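To start, the structure under review is shown below, and the notes come after it.
What follows draws every value from the coordinates through simple rules; no lab data is involved. Here the structure is a predicted model, which means the values were calculated and not measured. Every residue, glycine as well, gets a Cβ built from its backbone with ideal geometry; the counts of neighbours run over all protein chains shown.
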Amino acid sequence: MINSDTDLIFSSKKAQIQDFAFDKQVVEVFPDMISRSVPGYNTIINTIGNLSKEYAQANTNIYDLGCSLGAATLAMKKSITVKNCSIIGIDNSSAMVERCKMHVNAFKGESQVEICEGNILDIELKNASMVVLNFTLQFIEPEARKNLIQKIYNGLQPGGILVLSEKLKASDNVCNELLIDLHHNFKRENGYSELEIAQKRTAIENVMRPDTLETHLSRLKDSGFNHVNQWFQCFNFMSLVAIK
Ligand code: GEK
């Protein structure tokens, strides 16, 4: 059923395709867009909630970096029962932050939640027991990714966890094309047309630059994470945990 929350951004032919931006138009349809475009999104959000039950430590901070409308923040707010945790959600899109504040305030939870507009490359990260990078690192300039992961490692308490979810580029070109085809099938099955798939692909290719799994794993190891494992993959979308 099509309604005002349905993602129709690329449904009509555009004379010129601008780079994708997390603006007001995207915010309006974001939950529909992400759940029809990212295989396993709801499973990943639920699992972030479950992991926060296990890993959130009393008197620490929990960070949701690139929080968008706060789906992961909310899953954690609903799950955390230990005392005196602060969940801090950060996003550099003012349209996202404005809407996110309304979403998260609508639910009660044990932890206090603060949603801030800012660049995750500039923030200080300290006394953390859990950090979530749910499909955000792929939008960060590749040269800045190592420092960000290192900052996260340094800001985590021993035993703290990073949940990193990303779209992947397969290192083998044949397999990469296969995974892209399977993902496009997933989008077709969720009602996106060929035109929408093609125009979105053009709009996003300059702003979202996926890494290979090998690059993620070696960056995490080089930053000091000794315990790293993928727990989810569907087509070219994966999520992993890294524990300090
Ligand atoms: C979810 N985690 O629903 N600083 C802060 N925010 C940024 C930056 C930056 N440098 N770069 C991009 N963003 C969410 C989904 S979406 C993924 C994350 C997607 C923000 C950007 O504004 C957007 O809200 C988010 O990262 C990426 O669990 O749409 O594919």
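Using θ = phi - 60° in the Karplus curve 6.51 cos²θ - 1.76 cosθ + 1.60, the 3J(HN,Hα) couplings for region 136-153 round to 10, 4, 5, 9, 8, 3, x, 5, 9, 5, 4, 4, 5, 5, 5, 4, 5, 4 Hz; x is entered for Gly and Pro. Beyond 30 Å, what share of the Cα-Cα pairs of the chain is found? Please give it as a whole percent. That tail contains 24 percent of the Cα-Cα pairs. Scattering from region 133-244 was approximated by placing one identical point on each alpha carbon and applying the Debye formula without solvent; log10 I(q)/I(0) at 0.09, 0.13, 0.17, 0.19 1/Å stands at -0.27, -0.54, -0.85, -1.01. Between rounded, prolate and oblate, where does region 23-66 land on the alpha carbon gyration tensor, with a ≥ b ≥ c its root eigenvalues, rounded for a/c under 1.5, else prolate if a/b exceeds b/c? It comes out oblate by the Cα gyration axes.
When +1 charges are put on Lys and Arg Cβ atoms and -1 charges on Asp and Glu Cβ atoms, the dipole computed for region 53-141 relative to its Cα centre reaches about 480 debye.
Take 176-188, 79-91 and order them by the average number of nearby Cβ atoms within 10 Å per residue, most first; the result is 79-91, 176-188. Annotation: peptides 224-231, 68-75, 236-243, ranked by per-residue average of other Cβ atoms within 10 Å with the highest first, follow the order 68-75, 236-243, 224-231.
The stretch between Asn46 and Ile197, if pulled fully straight at 0.36 nm per residue, gains 51.7 nm over its current Cα-Cα span.
The trypsin sites (Lys or Arg not before Pro) found in region 108-166 that occupy coil by DSSP, while having at most 15 further C-beta atoms within 10 Å, are Lys108, Lys126. Annotation for Glu114 and Asn206: the two label points, set 7 Å from Cα along the Cα-Cβ direction, are 3.6 nm apart.
For the pair Ser94 and Val82, label points projected 7 Å from Cα toward Cβ lie 3.7 nm apart.
Under the convention that each Lys and Arg Cβ holds +1 and each Asp and Glu Cβ holds -1, the size of the dipole of region 7-162 around its Cα centre is about 360 debye.
Here r is the Cβ-Cβ distance between Asn176 and Asn229 and R0 is 25 Å; the resulting FRET efficiency, rounded to 0.05, is 0.65. Our note on the geometry: Cα centres of region 150-189 and region 66-89, 22 Å apart. If only the Cβ of Lys and Arg carry +1 and only the Cβ of Asp and Glu carry -1, the dipole of region 115-228 around its Cα centre is close to 260 debye.
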